[in-house]
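Just below is one structure, and these are the notes that go with it.
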Amino acid sequence: MSALINFSIDLNKIPKSSINSKNGKAYINLTMSCNDETRFGNNTSVSVRQTKEERDSKAAKQYIGNGQVVWTNGTVVLAEKEEAQQEPQTASAPSGDFLDF
């Protein structure tokens, strides 16, 4: 899929409890949804990502922004997690650049 989506986030709506720190950096897990319907010129919304428990209990989403799809090639595909590539293991063998006397 190819798409460009412009959106704005209201930083004042981000709950401090949703900010995670790791290696001296701050992160927040977000979810963006795209809709076929447009409301006020927007067809995307951004919310704080919910845990499985929050989704199962039908907890209200914490919306923090919205936006619009401004370009797409018309197809949407699921993102697939890339498998970690393993480096080929090679045994260290003599290079043959030495002489035995």
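Taken together, the values in this text are just the output of simple stated rules run on the coordinates, not laboratory data. Just so we're clear, the structure is a prediction, and the values are computed from it rather than from any experiment. Neighbour counts are summed over all protein chains in view; Cβ atoms, including those assigned to glycine, are modelled from backbone coordinates with ideal geometry.
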With a ≥ b ≥ c taken as the square roots of the eigenvalues of the C-alpha gyration tensor of the range 1-83, please select rounded if a/c is under 1.5 and otherwise prolate if a/b is larger than b/c or oblate if it is not? prolate
Classify the range 22-68 as rounded, prolate or oblate, taking a ≥ b ≥ c as the square roots of the eigenvalues of its Cα gyration tensor: rounded when a/c is under 1.5, otherwise prolate if a/b is larger than b/c and oblate if not. oblate
Under-5 Å amide H pairs with I64, H placed in peptide plane, nonlocal only: V46, S47, V48
Check which residues have an amide H placed less than 5 Å from I5's amide H, if you skip close sequence neighbours. V70
Using the Cβ atoms and a cut-off under 14 Å, what net charge is assigned to the surroundings of Y27, where Lys and Arg are +1 and Asp and Glu are -1? +4
